[in-house]
Amino acid sequence: MTETTQPDEQRSLGGLAKHSLIYSAAPLLRQVISIAMTRFYTSPTWLGKSGFGVKENVDLWMIGLQQLLGQNVLGAMVRFYFDHEDEEKRARVVTSSTLVITALAWAFCGIALVFSGGLTPLMLGRGEVVDAPELETILRLTLLLIPFQLSSLSGFYYLQILKRSGLYSTLQTLKLLFEVALNFWLIGALGLGVRGFLISMLAGEAVTTLGLTGWMIATLRPRVDLAVLRPIVLYAAPLIPVGLCQFGLHQIDRRLLLAFTEEGAQVAAGVYGLGYKIGYLVNAMMLGSFLQIWQPWIFGVKDERERAALVARVSTYAVLAIAAATLAVIVYGRQAVDVLSGEPGFRVAWTVVPLVGGGYVCWALYQVSQIPLFLAKRTGRLFLINGVALFANVALNAWLIPEHGFLGAGIATCATFALLAVLGMLASSSEAHVPFEIGRLLVALALVSAGAAATYGIEHALVDGRGWSLPATIAVKALLLAVLVGALAAVLSREERGRFLAWIRTR
């Protein structure tokens, strides 16, 4: 071990995995609750297929507008807080970021509210099952919600700064439960549809802003210091276009479905949204939590050659772990759709699960492998990579959706993320000479592809009437999954498998 390395306990891969699991606990609980609600949202008495499609596009705009209006500035607030030793300046970092971003959000959304009638067709599409006047009301609620979301987000970032992880998780969970309870009243009892969904969120964000963010501002005293704010904005500004590109990569296919589907666009968006949600499960539950600890962990490695070797090795391990979990989602995607929707009209959503799931395995590879570009502060290359991928995504969707509908959107997602992984690895290899384990990565991706192909074969046999009973189907799929996961495990050497089993026994 070199002099610049950290202690083995901090630097061990076992420690990395352990902390990733700890960080996963709260997001996992939130995701489980959100997934459980899907069955209600897809019910004809709640949102139905068209309403669910509108909800998916509302989610798209909420994420995009938060990126545009300063979410990255709030993220940068956390870093710059620790650049100051003086508590007074630290307080000004928090209050300046919060007050300016909140004021900007209110100004932007206030102007958009004035023109909501003209913006509705552009942002939410044509009125079909959900008519145009209701869509305009939905857009207005969305615009009211954005400033509250950003202000409450600043409060949660402040809890991260204070390392109040228990309070952070508790408040997030209580906020979610409060919103879910309102959903049952406003959607289930009063039948307000997507409007009820947004009113529930608006109430949750408003209460959080008044309680959490209000407490924060009162404690730190409301003031804006432009000298403190300026370097934060300069740091965050280049990341805004990267964030917008990534927002487009994850979300724009829903809007393109509305644009390129001739009939039943809202229904197609709803069916696709459910399949996408299931294919995205592993990314939501595992990858984000892993990246929370992965980045500071790898930043602590000072030796460049050692860091490059670790990026290569951990990229392989991360892809293998995510591929194994994704295979379970792919193989049982049809059953997941049936459980989460309970509606025959949504059953076809399973067809996009293998495509989206496979695409997010490639996304995981990109996320892990791009670290050398952050270390070198080459964020310009990140913008170029994501910009190329976004252009490819839009072009593929425009080509495939008119012919293949929402299945074409799934193909575009998978192909785009595969391209993004290749571009990210090439950039990291040229920047930091990362020796990616191409052979093992290709085997992992090939096994995911094989699992998707076998699943399509099994499900089409069932559709054609040559299938088995449900217990037999589950058993056959369990055997397929065991074979595929066993093959993934065989990618590891005997020594690696031994170390992994030893780590499991000590937990």
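Built from the Cα atoms of region 62-218, the convex hull projects on average onto 9.7 nm², one quarter of its surface area.
Magnitude of the charge dipole for region 48-237, about its Cα centre and with charges confined to Cβ atoms of Lys, Arg (+1) and Asp, Glu (-1), is about 260 debye. With R₀ fixed at 51 Å, the C-beta to C-beta distance from Ser493 to Ala259 puts the FRET efficiency at about 0.55. Placing pseudo-labels 7 Å out from each Cα toward the beta carbon at Leu226 and Leu442 gives an inter-label distance of 5.7 nm. For Ile474 and Thr219, a Förster radius of 56 Å and the Cβ-Cβ distance give a FRET efficiency of 0.55, rounded to the nearest 0.05. Based on every Cα atom in region 44-118, Rg and the maximum pairwise Cα distance Dmax equal 17.7, 57 Å. Fully extending the segment from Leu234 to Thr45, taken as 0.36 nm per residue of separation minus the present Cα-Cα distance, adds 63.2 nm.
FRET efficiency for the Arg313 to Leu190 pair, using the beta carbon distance and R₀ = 60 Å, is estimated at 0.65.
Quick note: the coordinates plus some simple rules give every number you see, no bench work behind them. All values derive from a computational prediction rather than experimental measurement. Reconstructed Cβ throughout: ideal geometry from the backbone, glycine too, with neighbour counts over all protein chains shown.
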